[in-house]
Amino acid sequence: MAFLADALSRVKPSATIAVSQKARELKAKGKDVISLGAGEPDFDTPENIKKAAIDAITRGETKYTPVSGIPELRKAIAAKFKRENGLDYTPEQTIVGTGGKQILFNALMATLNPGDEVIIPAPYWVSYPEIVALCGATPVTVETTMDNQFKLQAADLEAAITPKTKWLILNMPSNPTGAAYSESEIKALTDVLLKHPQVWILTDDMYEHLVYGEFKFMTPAQVEPKLYDRTLTMNGVSKAYSMTGWRIGYAAGPLELIKAMDMVQGQQTSGASSISQWAAVEALNGPQDFIETNKAIFQGRRDLVVSMLNQANGISCPTPEGAFYVYPSCAGLIGKTTPSGKVIETDEDFVSELLEAEGVAVVHGSAFGLGPNFRISYATSEALLEEACIRIQRFCASLR
Ligand SMILES: Cc1ncc(COP(=O)(O)O)c(C=O)c1O
């Protein structure tokens, strides 16, 4: 439609939302569908956090807040970065947005000009390249490999940097692969960036608290303090505290950048929901044992899913360090034929035939920029995951 902005032609709708929608439609028609597409914890928000929100309403905390967030929350964010990441930020160096997504959007909006490049390792969270494109800049995707656990390699980063590179976006643990970088793996990348002073790091630490076993989470500004002045460390309460619907994300970084993001947000949504901000104060300052309890549950589910998928013909599934996703390869099934005579040519064919035949909804890897793979979100009950994996095994066994 000629009336619509040119920028829209550069953007694709979210494949993950599309899969959830298709699964809902099939369910509505009476099909028995197990949806493993959604990127949100299945747990409820903890009671103490809900109560903090109710108390905020009762106290009348229902008015506009400062654009960057209520002072209590910015203080709690600065304290969180010190306590959990060893990072020194003043409350003025923090900003609260309506979800992590808005933080990303505002950071990119505040910094990108047409022609600027943003390096995004693939597979990536679907929104990164689209937000960069909406800001009129150029996403530069750099493919990783399953052999390297889907982690960006220093030499590939070096080769992708040009004089126009403005940001490197890192996301660990990753959506969609669950991969998280160790301290030395981060150091290899920050060493490259030390040589290129024009490149900043936008690190999306949304899944920080969901790492399993002995893995120790580290964030780039902590690993390489020399990059502190060009790192925006983004995080939020959505995943760790089961608060996806409350829409609170936050970041900390150099004051000038935070002020620029404040300006963008001030002409857009202003402050995030006052009630949600008070809930987030309780999330960050209150008891944290909920996180450990959920981590143990997620780890059990991860191990179940990885083990059952690796028993499916033609599927190979690495064990990721964190998040609640696995990203198995279906390369072994490309070229095979379903009982109804359809040839599986791509990972998109694989997921659509799987949904048709067995009612299991997963997201194709090409939507995340690297295939042939698919993403499973294991943020659902063990019983449903087991049933889904049995169906996947049966589907794979049916291919010839
Ligand atoms: C990697 C990553 N970053 C950011 C977000 C957005 O988080 P929020 O719901 O707080 O906007 C998500 C949500 O799916 C995500 O997976």
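The values are calculated or read from the model by the stated rules, or taken from the named source; none is laboratory data. The shown structure was predicted, so the numbers you read here are calculated from the model rather than taken from an experiment. Please note: Cβ atoms are built from the backbone with ideal geometry, for glycine as well, and neighbour counts cover all protein chains shown.
A few points about this structure:
- Only residues that are more than 16 Å from the ligand (Cβ to nearest atom) and part of a strand (DSSP E or B) were counted across the range 199-217, and they come to 1.
- So Ser238, is it crowded, with 18+ Cβ neighbours inside 10 Å, in the same structural domain as Gly178 (by TED's automatic domain parsing), more than 22 Å from Phe215 (Cβ to Cβ) and modelled with pLDDT of 95 or more: no
- Every pair of residues 6+ apart whose Cβ atoms lie under 7 Å, when the first sits in the range 43-62 and is exposed (fewer than 11 other Cβ atoms within 10 Å of the Cβ) while the second is modelled with pLDDT of 95 or more and not in a helix (DSSP H, G or I): Asp44/Ser242
- For the range 295-335, a residue qualifies if it is in a loop (DSSP other than H, G, I, E, B), more than 19 Å from the chain's Cα centre (by Cα) and either crowded, with 19+ Cβ neighbours inside 10 Å or among the aliphatic types (A, V, I, L, M) (or both), and the qualifying residues are Ala312, Ile315, Cys317, Cys330, Ile334.
- The criterion of being among the hydroxyl-bearing types (Ser, Thr, Tyr) and crowded, with 24+ Cβ neighbours inside 10 Å holds for Tyr250.
- Restricting the range 106-118 to residues that are surrounded by 23 or more Cβ atoms within 10 Å (Cβ to Cβ) and closer than 24 Å to Thr144 by Cα leaves a set whose member that is farthest from the ligand (Cβ to nearest atom) is Val118.
- Residue in the range 8-15 that is under 30 Å from Phe290 (Cβ atoms) and either within 16 Å of the ligand (Cβ to nearest atom) or modelled with pLDDT under 80 (or both) present: yes
- Criterion applied to Asp32, Asp116, Asp44, Asp55 was being modelled with pLDDT under 95, acidic (Asp, Glu) and at negative phi, and the one residue passing it is Asp32.
- Candidates Glu348, Glu356, Glu282, Glu292: the one that is touching a Lys or Arg at 6+ places or on another chain (Cβ under 8 Å) and outside any loop (DSSP other than H, G, I, E, B) is Glu282.
- When Thr145, Thr141 are screened for being part of a loop (DSSP other than H, G, I, E, B) and of a type in the set (S, T, N, Q), only Thr145 passes.
- Thr90 within 16 Å of the ligand (Cβ to nearest atom), of a type in the set (Ser, Thr, Tyr) and more than 18 Å from Lys166 (Cβ to Cβ): no
- Of all residues making up the range 218-241, the number that are under 30 Å from Arg302 (Cα atoms) and either part of a loop (DSSP other than H, G, I, E, B) or within 11 Å of the ligand (Cβ to nearest atom) (or both): 10
- Verdict on Thr65 being surrounded by 18 or more Cβ atoms within 10 Å (Cβ to Cβ), within 16 Å of the ligand (Cβ to nearest atom) and either β-branched (Val, Ile, Thr) or assigned to a loop (DSSP other than H, G, I, E, B) (or both): no
- Of residues in the range 148-192 being part of a strand (DSSP E or B) and under 26 Å from Arg301 (Cα atoms), the one nearest to the chain's Cα centre (by Cα): Asn171
- Here Ala383 passes the criteria (1) more than 30 Å from Lys75 (Cβ to Cβ); (2) touching a residue at least 12 places away in the same chain (Cβ under 8 Å); (3) not polar (S, T, N, Q) except the one numbered (2).
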